[in-house]
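Enquirer: Pasting in a structure now, in structure tokens, and then I'll have a few things to ask.
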Amino acid sequence: MAAVPAVTDTSDPHERAWNDICELGMESNVADLDAHGFTVVPPELANPNGMADRMLTALLDIAEKRNGERPDMETGETHAYQPNMLFGAKNDRFGRSQLKDQTPAVATNNPGLVDSPFGDRMHSIFYDDPVFAEALMNPPLLALVTYLLGYSAVLSNMGCWMKGPNKSNFPLHTDSGGLPSPFPAQAYAAQCTYLLTDFTRENGATAIVPGSHKYGRAPVGRETILAENDKAIPIEGKAGSLVVWHGNAWHAAYNRTAPGLRVSVTVYFNRPFMRPLENFIGKIPEGMLEEMVAKHGPRVAMVLQQGCIPGYSTQGDRVSFTAKAEKYIEAYEEVSGVNTRDKDNPFH
């Protein structure tokens, strides 16, 4: 692919976004997103300063603290063939009466699943280690998210998936936030996944149907069955890679046939008018937020929803919530030059 020159006039958000992509040398990743609905960013670009190894170490510590045992990376026996329970149900496999902050399986609306297709899902990990703020503000990730969703994109949730050997595939679906069909062609959501272990078909990699982001709808009926879709392919990549896909893309996950664990961190973004999965507004300790802004710049506050106005129940709340959001919006706009309030521009 011939190189496309960067633009010199960055007053327009679209041009600014393209300039960021060119500076990182990610033109081919954008071409992949447009054509196939997903792209794989290699470790040499996606993994600065050994970030993936530091995330993996932090997650093993978090899993041990939450679940009472350290994950077995070599054999995966701590996460193998987990039963297909309801979200938040008891997990008798480990001899514990109650799970804490863990979702070991899926709901029963997928009766064909014999065990958990994704293992342990650890939610709300952002506060547990500073490395996750670093991963959130990683320039290659933000460049692709901005291309898909604009500069006002917000974090919906960040979590970890640890999967051992299992039998069930995770069904095909989209990440478009419950949008009814037909979907708009423009992305309203973007999923970013840090691969902390090698992703291969045998290791239980994510599956995707290339080009499905252009279908304009979610899979229905038997279309959700991964084994019956001959267009689905595994997304393979080395540990330290970053995978980004359009929220409309049909994707799933293969079962893991190899020993060991598949570990990934998902960083899910949506547009600011959509309800996020994880609520950061007013939840981040002020000192922690100030430290992150000092280190990563004012956009981190915007990404963490601080420029959004939450629901209110009184006139006073409306005024105070708006004033607080405006403070973060103005700080970001002053430094970046981006007008995040130009709602007619999809890159605002």
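No value in this document is a laboratory result; all are computed from the given coordinates. Since the model is a prediction, treat every value here as computed from it, not as a measurement. Heads up, the Cβs are rebuilt from the backbone with ideal geometry, glycines too, and the neighbour counts pull from every protein chain shown.
Enquirer: Quick one: what are the phi-derived ³J(HN,Hα) couplings along the range 172-181, Karplus 6.51/-1.76/1.60 with θ = phi - 60°, whole Hz, x for glycine and proline?
Expert: 5, 7, 10, 10, 8, x, x, 5, x, 6
Enquirer: Match the structure shown to one of the listed values (1) 19.1; (2) 17.0; (3) 18.3 of mean projected area of the Cα convex hull in nm², computed from it, and give that label.
Expert: Of the labelled values, this structure produces (3).
Enquirer: Here's a follow-up. Let me know the number of lysine pairs in the range 188-335 closer than 30 Å at the Cα, not counting same-chain pairs under 8 apart.
Expert: On the way: Lys214/Lys231; Lys214/Lys238; Lys238/Lys295; Lys283/Lys295; Lys283/Lys324; Lys283/Lys327; Lys295/Lys324; Lys295/Lys327.
So the count of such lysine pairs works out to 8.
Enquirer: Provide the per-residue ³J(HN,Hα) series for the range 12-21, in order, calculated from phi with Karplus coefficients 6.51, -1.76, 1.60 and θ = phi - 60°, each as a whole number of Hz, with x at glycine and proline positions.
Expert: So the J values, rounded to whole Hz, are 8, x, 4, 5, 5, 4, 5, 4, 4, 5.
Enquirer: OK, next. I need the peptides 267-278, 318-329 ranked by packing, meaning the mean over residues of other C-beta atoms within 10 angstrom, with the highest value on top. Before the final figure, lay out the partial values.
Expert: Working: 267-278: 18.7, 318-329: 14.8.
Packing order, densest peptide first, comes out as 267-278, 318-329.
Enquirer: Could I ask something else about it? Within a Cβ distance under 13 Å of Ser168, other residues only, what is the Lys/Arg minus Asp/Glu net charge?
Expert: On the way: positive: Lys163, Lys167, Arg256; negative: Asp115.
Within the 13 Å Cβ shell, the charges total +2.
Enquirer: Using the Karplus equation 6.51 cos²θ - 1.76 cosθ + 1.60 (θ = phi - 60°), what ³J(HN,Hα) coupling, rounded to whole Hz, does each residue of the range 263-268 give in order, writing x for Gly and Pro?
Expert: For the range 263-268, the Karplus-derived couplings read 10, 8, 10, 9, 10, 9 Hz, x marking Gly and Pro.
Enquirer: Then there is this: Can you list residues from other chains, or at least 5 along the same chain, whose modelled amide H is less than 5 Å from the amide H of Trp250?
Expert: Those lying under 5 Å, H to H, from Trp250 are Val209, Ser212, His213.
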